[in-house]
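Colleague: There's a structure below that I have some questions on.
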Amino acid sequence: MQRQFEDVLLGSIELFCLAAELESFTVAANAASVTPAAVSRSVARLEERLGVRLFVRTTRQIRLTDAGRRYFEQCRQALSLLTDAEREATGQQTAASGVLRISMPTPYGHYRVLPLLAEFRARFPGVTVETHLSNRNIDFADEGFDLAIRGSAPSDSGLIARTIEDAELVVVASPAYLRRAGKPKTPDDLANHDCIQYALPSTGRNLPWLFKLNDEVTELTTRGGCSASGDVLAGVTLARHGAGLFQTYRFIVDKDIAEGSLKELLIPYGGCSRPFVLLYPHARHLSSRVRSFVDFLMEKLGP
C-alpha cells in the first residue's frame, strides 16, 4: 500500500488538533513541549497541503474556519481511533476515554438520555460527552458526530441502525379543553376537535396520528388550529394550556397524566408506538468510548 502520510504530517495533525482544542498556539505549544513557532509551522504545512485556511488569526486569538472545523472533527476522530487501535494491539486497552459527540431529538434527549449521562460518566469518567439536541438530520462526516438518535433509520448503508425502544403514543388534552369541547369517544370524533399538529422537520408534513382499530394500526389525518414544528415539546405545551388534543410519547406526559394537568384519551384505541433508532457509522475498529456508550444505552433503554 502506498504511503499517504509522512511522520511529520501526522505530527502536524496532532499539533493542529491540540491548538484547535485549546484555542491558542502558545497554550498548545506549552502542552506539547514545543515552541509556538513549531505549532504555527505545522498548521501552515497543513494549510498548504489542503489548499484552505484552517484558522482565522488575530493578535489576541485564533478560531477555526468552517473548513478547519470540519477537518478538526474528522482528524480528532481519526487520532482517537489510532490510539484505541494501539492500545488494543498492545493489550493496553483500558477504560474508554476521549470526547463523545451525540446528536439526538429534543424530547428524547430531555426525557431519556440526559438523565442517564451522570451514571454513564460515573462508569466512564475518562469520556467527555458533548450533546447536541436537534430534530434535524446531521452529517456524520462533516459535523464530526460519533452517534445520533433519530425516529427512523435512513437508507444510508454507511450507518449501523439499532432500535433502542418503541416508544408508546398517547392522546392527551387539558381538563380545561375537555370542559369546553367535550371528550372524544372514538377516533372518528376527532373530526370535531382541535387536534394540535406536529410537522416533521425532514418533510414539513404533518405527522399522522396512529390508532389500533380491530388489532391493526391505522393512520389518521387530523386537523386543528395550532401546529408545531422542530420540537415535539411545543405541542405538549400547547396541550397543557388548552389549545387542543395532542398525540405524543407517553414518557413525555406520564407525570402530567399522574398529576391531572393532562387527561389520557381514547385508551381503547391506544397501544401504538414509534421507534427511536441509534445510528453510528460502520467502523472496522469502533472506538472504546462509542462502544461503551452503545452498550450502556442498550442496557438502560433497549428491549
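The values are calculated or read from the model by the stated rules, or taken from the named source; none is laboratory data. What you are looking at is a predicted structure, and each value in this text was computed from that prediction instead of being measured. In this analysis, Cβ positions are derived from the backbone assuming ideal geometry, glycine residues included, and neighbour counts consider all displayed protein chains. Note: accessible area is taken over every heavy atom of the protein model, side chains too, but ligands, DNA and RNA are not part of it. Shrake-Rupley method; radii C 1.70, N 1.55, O 1.52, S 1.80 Å.
Colleague: Out of the residues in segment 124-140 that are among the charged types (D, E, K, R) and part of a loop (DSSP other than H, G, I, E, B), which is modelled with the lowest pLDDT?
Modeller: The extreme case among them is D139.
Colleague: Then there is this: Determine if segment 255-270 includes at least one residue that is touching a strand residue (DSSP E or B) at 6+ places or on another chain (Cβ under 8 Å), among the hydroxyl-bearing types (S, T, Y) and closer than 27 Å to A161 by Cβ.
Modeller: Scanning segment 255-270 turns up no residue that is touching a strand residue (DSSP E or B) at 6+ places or on another chain (Cβ under 8 Å), among the hydroxyl-bearing types (S, T, Y) and closer than 27 Å to A161 by Cβ.
Colleague: Mind checking which residues of segment 193-230 are among the aliphatic types (A, V, I, L, M), assigned to a loop (DSSP other than H, G, I, E, B) and modelled with pLDDT of 95 or more?
Modeller: I196
Colleague: Can you tell me which residue in segment 54-68 is surrounded by the fewest Cβ atoms within 10 Å (Cβ to Cβ), limited to those that are without any contact (Cβ under 8 Å) to a residue 40 or more places away in the chain and closer than 21 Å to L10 by Cβ?
Modeller: Filtering segment 54-68 for residues that are without any contact (Cβ under 8 Å) to a residue 40 or more places away in the chain and closer than 21 Å to L10 by Cβ, the one surrounded by the fewest Cβ atoms within 10 Å (Cβ to Cβ) comes out as A67.
Colleague: List pairs: first residue in segment 10-35 and farther than 15 Å from R70 by Cα and modelled with pLDDT under 85, second residue in a helix (DSSP H, G or I) and among the acidic types (D, E) anywhere in the structure, Cβ distance under 9 angstrom, at least six positions apart or on different chains.
Modeller: A28/E21; A32/E14
Colleague: Give the residues of segment 236-274 that are of a type in the set (S, T, Y) and not in a loop (DSSP other than H, G, I, E, B), sorted by residue number.
Modeller: Selection gives T237, T248, Y249, Y269, S273.
Colleague: Within segment 58-65, identify whether any single residue is at pLDDT 85 or above and assigned to a helix (DSSP H, G or I), and answer yes or no.
Modeller: No, the conditions are met nowhere in segment 58-65.
Colleague: Of all residues in segment 53-66, how many are over 19 Å from A29 (Cα atoms) and in contact with a helix residue (DSSP H, G or I) (Cβ under 8 Å, 6 or more places away or on another chain)?
Modeller: Matching residues across segment 53-66 total 1.
Colleague: A further question follows. Report whether or not L233 is in a helix (DSSP H, G or I) and outside the structural domain of F293 (by the TED database).
Modeller: Yes, satisfied.
Colleague: Within 19 Å of Y177 (Cβ to Cβ) and in contact with a Pro (Cβ under 9 Å, 6 or more places away or on another chain): is that true of G270 in this structure?
Modeller: Taking the combined requirement at face value, the residue does not satisfy it.
Colleague: Within segment 141-185, restricting attention to residues that are hydroxyl-bearing (S, T, Y) and modelled with pLDDT of 95 or more, which residue is farthest from T131 (Cα to Cα)?
Modeller: Result: Y177.
Colleague: Which of the residues that make up segment 100-123 are out of contact with any Lys or Arg (no Cβ under 7 Å at 6 or more places or on another chain), outside any helix (DSSP H, G or I) and over 15 Å from Y249 (Cβ atoms)?
Modeller: Correct list: R101, I102, S103.
Colleague: If you scan segment 161-185, which residues turn out to be part of a strand (DSSP E or B) and open to solvent by less than 70 Å² (accessible area, probe 1.4 Å)?
Modeller: A161, T163, I164, E165, A167, L169, V170, V171, V172, A173, listed by residue number.
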